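Encoded as structure tokens, the structure appears first; notes follow it.
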Amino acid sequence: MKEFASLTVSCVTTACREGVDLAIVLDQSNYLDPKNVQRELDFIFDFVLDAASLDAGHSRVALVTYAASAKVQFYLGNFTERRSVLDAISAYHL
């Protein structure tokens, strides 16, 4: 079984510290093992938990799932605080 890679993001420019728009896209295909789907969600949760600029209102997060077609679970700008993004991710079920 292949492990998910870790992701480290480092910003040194003012523009990066001011915020980003992040669209997360999840594969919802039937062939995925539910354990791997949960690992994807855990990874996203941890990534958002560490996103410093979310609470400052400078970054926005969207969640899109896809299988045969794409479905927006929530849009950029739906949530303005880290806690609300985390709650939306926690409430998401495949």
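The values are calculated or read from the model by the stated rules, or taken from the named source; none is laboratory data. The shown structure was predicted, so the numbers you read here are calculated from the model rather than taken from an experiment. All Cβ positions, even for glycine, are placed from backbone atoms using ideal geometry, and neighbour counts span all protein chains on display.
Counting just the residues of the stretch 59-75 that are assigned to a loop (DSSP other than H, G, I, E, B) and touching a strand residue (DSSP E or B) at 6+ places or on another chain (Cβ under 9 Å), which one comes out modelled with the highest pLDDT?
Step by step, filter the stretch 59-75, then rank; the result is Y75.
If you check every pair at least six apart or on different chains, which have Cβ atoms under 9 Å apart with a residue in the stretch 74-94 that is surrounded by 12 or more Cβ atoms within 10 Å (Cβ to Cβ) first and a residue that is acidic (D, E) and not in a loop (DSSP other than H, G, I, E, B) second?
These pairs meet every condition: L76/D21; F79/D87.
Looking only at the stretch 10-20, count how many residues are surrounded by fewer than 11 Cβ atoms within 10 Å (Cβ to Cβ) and either at pLDDT 80 or above or part of a loop (DSSP other than H, G, I, E, B) (or both).
Of the residues in the stretch 10-20, 3 are surrounded by fewer than 11 Cβ atoms within 10 Å (Cβ to Cβ) and either at pLDDT 80 or above or part of a loop (DSSP other than H, G, I, E, B) (or both).
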